[in-house]
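Take a look at the structure below.
The values are calculated or read from the model by the stated rules, or taken from the named source; none is laboratory data. For clarity, every value in this text was computed on a predicted model and none was experimentally measured. Positions of Cβ are backbone-derived with ideal geometry, glycine not excepted, and every protein chain shown enters the neighbour counts.
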Amino acid sequence: MTGQLPDEQPRRPETPELERELELLAHWLDSAFHVPGLGIRFGLDALLGLIPGVGDTVTSLASLYILNAGRRFGVPRITMLRMALNIAIDYVVGAIPLLGDVFDVYWKANLRNVALLRSHVLATPAEDRRARAGDWLFVTALILALLGLLVGTVALAWHGLALLVYWARQTPPPTVS
(Lines give C-alpha, C1' and ligand atoms only; values in the text may rest on other atoms or scores of the structure.)
Protein backbone atom coordinates (compact mmCIF):
# COMPACT_ATOMS: atom_id res chain seq x y z
CA MET A 1 0.00 0.00 0.00
CA THR A 2 1.29 3.48 -0.80
CA GLY A 3 -0.09 5.38 2.19
CA GLN A 4 -3.57 5.77 0.70
CA LEU A 5 -6.75 4.99 2.54
CA PRO A 6 -8.42 1.81 1.25
CA ASP A 7 -11.35 3.63 -0.39
CA GLU A 8 -9.17 6.18 -2.22
CA GLN A 9 -8.12 5.78 -5.81
CA PRO A 10 -4.67 6.88 -6.96
CA ARG A 11 -4.46 10.50 -8.04
CA ARG A 12 -4.61 11.22 -11.73
CA PRO A 13 -1.22 11.54 -13.38
CA GLU A 14 0.16 15.05 -13.58
CA THR A 15 1.54 16.64 -16.71
CA PRO A 16 3.79 19.43 -15.40
CA GLU A 17 4.63 20.79 -18.85
CA LEU A 18 1.01 21.37 -19.81
CA GLU A 19 0.14 22.65 -16.34
CA ARG A 20 3.07 25.09 -16.48
CA GLU A 21 1.99 26.20 -19.96
CA LEU A 22 -1.59 26.84 -18.81
CA GLU A 23 -0.47 28.66 -15.66
CA LEU A 24 1.84 30.85 -17.74
CA LEU A 25 -0.97 31.70 -20.17
CA ALA A 26 -3.32 32.53 -17.27
CA HIS A 27 -0.59 34.62 -15.64
CA TRP A 28 -0.04 36.72 -18.77
CA LEU A 29 -3.76 37.17 -19.34
CA ASP A 30 -4.72 38.00 -15.74
CA SER A 31 -1.81 39.03 -13.50
CA ALA A 32 1.42 39.74 -15.36
CA PHE A 33 1.63 43.40 -14.32
CA HIS A 34 1.16 45.14 -11.01
CA VAL A 35 0.51 48.63 -9.73
CA PRO A 36 3.28 49.45 -7.23
CA GLY A 37 2.07 50.31 -3.75
CA LEU A 38 -1.51 49.21 -4.38
CA GLY A 39 -0.99 45.48 -4.79
CA ILE A 40 -3.29 45.41 -7.82
CA ARG A 41 -2.37 42.88 -10.48
CA PHE A 42 -3.68 42.85 -14.05
CA GLY A 43 -2.83 41.23 -17.32
CA LEU A 44 -3.24 41.46 -21.06
CA ASP A 45 -6.96 40.77 -20.69
CA ALA A 46 -7.51 44.17 -19.04
CA LEU A 47 -5.06 45.96 -21.36
CA LEU A 48 -6.36 44.52 -24.64
CA GLY A 49 -9.90 45.04 -23.37
CA LEU A 50 -9.30 48.75 -23.84
CA ILE A 51 -9.51 48.14 -27.62
CA PRO A 52 -13.28 48.18 -28.26
CA GLY A 53 -14.71 45.06 -29.88
CA VAL A 54 -11.37 43.39 -30.55
CA GLY A 55 -9.52 43.13 -27.24
CA ASP A 56 -12.08 41.11 -25.30
CA THR A 57 -12.65 38.80 -28.27
CA VAL A 58 -8.93 38.07 -28.66
CA THR A 59 -8.40 37.34 -24.96
CA SER A 60 -11.55 35.20 -24.82
CA LEU A 61 -10.19 33.11 -27.69
CA ALA A 62 -7.01 32.60 -25.66
CA SER A 63 -9.19 31.62 -22.69
CA LEU A 64 -10.78 28.90 -24.80
CA TYR A 65 -7.38 27.18 -24.93
CA ILE A 66 -7.61 26.62 -21.16
CA LEU A 67 -11.20 25.40 -21.54
CA ASN A 68 -10.06 22.94 -24.20
CA ALA A 69 -7.35 21.69 -21.84
CA GLY A 70 -10.16 20.86 -19.41
CA ARG A 71 -11.71 18.67 -22.09
CA ARG A 72 -8.38 16.93 -22.70
CA PHE A 73 -8.00 16.25 -18.97
CA GLY A 74 -11.49 14.77 -18.75
CA VAL A 75 -12.94 17.49 -16.51
CA PRO A 76 -16.62 16.78 -15.70
CA ARG A 77 -19.20 18.60 -17.81
CA ILE A 78 -20.47 20.68 -14.90
CA THR A 79 -16.93 21.93 -14.23
CA MET A 80 -16.51 22.64 -17.95
CA LEU A 81 -19.76 24.62 -17.79
CA ARG A 82 -18.43 26.59 -14.83
CA MET A 83 -15.21 27.31 -16.72
CA ALA A 84 -17.20 28.40 -19.79
CA LEU A 85 -19.37 30.66 -17.63
CA ASN A 86 -16.22 32.26 -16.18
CA ILE A 87 -15.13 33.06 -19.73
CA ALA A 88 -18.60 34.27 -20.75
CA ILE A 89 -18.89 36.57 -17.73
CA ASP A 90 -15.42 37.92 -18.46
CA TYR A 91 -16.34 38.53 -22.10
CA VAL A 92 -19.77 40.08 -21.59
CA VAL A 93 -18.91 42.35 -18.66
CA GLY A 94 -15.44 43.04 -20.11
CA ALA A 95 -17.07 44.43 -23.26
CA ILE A 96 -18.47 47.40 -21.28
CA PRO A 97 -16.07 50.30 -21.92
CA LEU A 98 -13.78 51.08 -18.95
CA LEU A 99 -16.06 49.45 -16.35
CA GLY A 100 -15.41 46.11 -18.05
CA ASP A 101 -11.66 46.63 -17.86
CA VAL A 102 -11.89 47.33 -14.14
CA PHE A 103 -13.96 44.15 -13.83
CA ASP A 104 -11.27 42.20 -15.73
CA VAL A 105 -8.72 43.26 -13.11
CA TYR A 106 -10.96 41.71 -10.43
CA TRP A 107 -12.52 38.66 -12.13
CA LYS A 108 -9.39 36.90 -13.51
CA ALA A 109 -11.32 34.18 -15.34
CA ASN A 110 -8.20 32.41 -16.60
CA LEU A 111 -6.61 32.04 -13.17
CA ARG A 112 -9.97 30.77 -11.88
CA ASN A 113 -10.19 28.23 -14.69
CA VAL A 114 -6.63 26.96 -14.23
CA ALA A 115 -7.38 26.54 -10.51
CA LEU A 116 -10.54 24.54 -11.36
CA LEU A 117 -8.55 22.42 -13.81
CA ARG A 118 -5.74 21.84 -11.30
CA SER A 119 -8.15 20.91 -8.52
CA HIS A 120 -9.81 18.37 -10.82
CA VAL A 121 -6.55 16.82 -11.97
CA LEU A 122 -5.17 16.47 -8.45
CA ALA A 123 -8.41 15.51 -6.69
CA THR A 124 -9.22 12.19 -5.12
CA PRO A 125 -12.68 10.82 -6.03
CA ALA A 126 -14.15 12.17 -2.77
CA GLU A 127 -12.66 15.63 -3.39
CA ASP A 128 -13.88 15.50 -6.98
CA ARG A 129 -17.46 14.82 -5.79
CA ARG A 130 -17.28 17.81 -3.41
CA ALA A 131 -15.88 20.00 -6.20
CA ARG A 132 -18.71 18.95 -8.52
CA ALA A 133 -21.25 19.87 -5.83
CA GLY A 134 -19.64 23.31 -5.57
CA ASP A 135 -19.74 23.67 -9.35
CA TRP A 136 -23.46 22.80 -9.38
CA LEU A 137 -24.06 25.37 -6.65
CA PHE A 138 -22.18 28.07 -8.62
CA VAL A 139 -24.02 27.32 -11.87
CA THR A 140 -27.42 27.18 -10.13
CA ALA A 141 -26.80 30.47 -8.31
CA LEU A 142 -25.71 32.09 -11.57
CA ILE A 143 -28.80 30.85 -13.40
CA LEU A 144 -31.05 32.12 -10.59
CA ALA A 145 -29.29 35.49 -10.64
CA LEU A 146 -29.72 35.74 -14.42
CA LEU A 147 -33.40 34.81 -14.15
CA GLY A 148 -33.83 37.45 -11.44
CA LEU A 149 -32.11 39.99 -13.69
CA LEU A 150 -34.38 39.03 -16.58
CA VAL A 151 -37.56 39.31 -14.47
CA GLY A 152 -36.38 42.63 -13.02
CA THR A 153 -35.57 44.00 -16.47
CA VAL A 154 -38.96 42.95 -17.88
CA ALA A 155 -40.76 44.44 -14.84
CA LEU A 156 -38.81 47.69 -15.14
CA ALA A 157 -39.54 47.92 -18.88
CA TRP A 158 -43.25 47.19 -18.25
CA HIS A 159 -43.51 49.89 -15.59
CA GLY A 160 -41.56 52.34 -17.74
CA LEU A 161 -43.89 51.72 -20.66
CA ALA A 162 -46.95 52.10 -18.40
CA LEU A 163 -45.56 55.41 -17.11
CA LEU A 164 -45.01 56.67 -20.67
CA VAL A 165 -48.57 55.73 -21.64
CA TYR A 166 -49.90 57.47 -18.52
CA TRP A 167 -47.94 60.66 -19.32
CA ALA A 168 -49.09 60.55 -22.94
CA ARG A 169 -52.73 60.41 -21.82
CA GLN A 170 -52.29 63.25 -19.31
CA THR A 171 -50.76 65.69 -21.75
CA PRO A 172 -53.34 67.62 -23.76
CA PRO A 173 -52.90 67.45 -27.50
CA PRO A 174 -51.05 70.36 -29.02
CA THR A 175 -53.24 73.09 -30.43
CA VAL A 176 -52.66 74.49 -33.86
CA SER A 177 -53.07 78.24 -34.04
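Numbers at a glance
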| quantity | calculated |
| --- | --- |
| Test: residue in region 31-44 that is part of a loop (DSSP other than H, G, I, E, B), modelled with pLDDT under 90 and in contact with a Ser or Thr (Cβ under 8 Å, 6 or more places away or on another chain) | no |
| Of residues in region 126-164 being among the β-branched types (Val, Ile, Thr) and within 14 Å of Leu85 (Cα to Cα), the one modelled with the highest pLDDT | Thr140 |
| Any chance Ala69 is among the aliphatic types (A, V, I, L, M), out of contact with any Lys or Arg (no Cβ under 7 Å at 6 or more places or on another chain) and modelled with pLDDT of 90 or more | yes |
| Top-ranked residue in region 20-67 [being of a type in the set (S, T, N, Q) and either crowded, with 16+ Cβ neighbours inside 10 Å or touching a Cys at 6+ places or on another chain (Cβ under 7 Å) (or both); ranked as farthest from Ile89 (Cα to Cα)] | Ser31 |
| Pairs with Cβ under 6 Å, 6+ apart, first in region 101-126 and over 22 Å from Val54 (Cβ atoms) and assigned to a helix (DSSP H, G or I), second of a type in the set (D, E, K, R) and modelled with pLDDT of 90 or more | Leu111/Asp30; Val114/Glu23 |
| Residues of region 96-137 that turn out to be surrounded by 17 or more Cβ atoms within 10 Å (Cβ to Cβ) and either of a type in the set (A, V, I, L, M, F, W, C) or closer than 16 Å to Gly43 by Cα (or both), as a count | 17 |
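Residue-by-condition table, conditions (1) assigned to a helix (DSSP H, G or I); (2) aromatic (Phe, Trp, Tyr); (3) more than 19 Å from Leu116 (Cα to Cα); (4) free of Cβ contacts under 8 Å to residues at least 24 places away in the same chain:
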site: Trp28; (1), (2), (3), (4): yes, yes, no, yes
site: Ile51; (1), (2), (3), (4): no, no, yes, yes
site: Val58; (1), (2), (3), (4): yes, no, yes, yes
site: Leu64; (1), (2), (3), (4): yes, no, no, yes
site: Ile78; (1), (2), (3), (4): yes, no, no, no
site: Leu81; (1), (2), (3), (4): yes, no, no, no
site: Ile87; (1), (2), (3), (4): yes, no, no, no
site: Tyr91; (1), (2), (3), (4): yes, yes, no, no
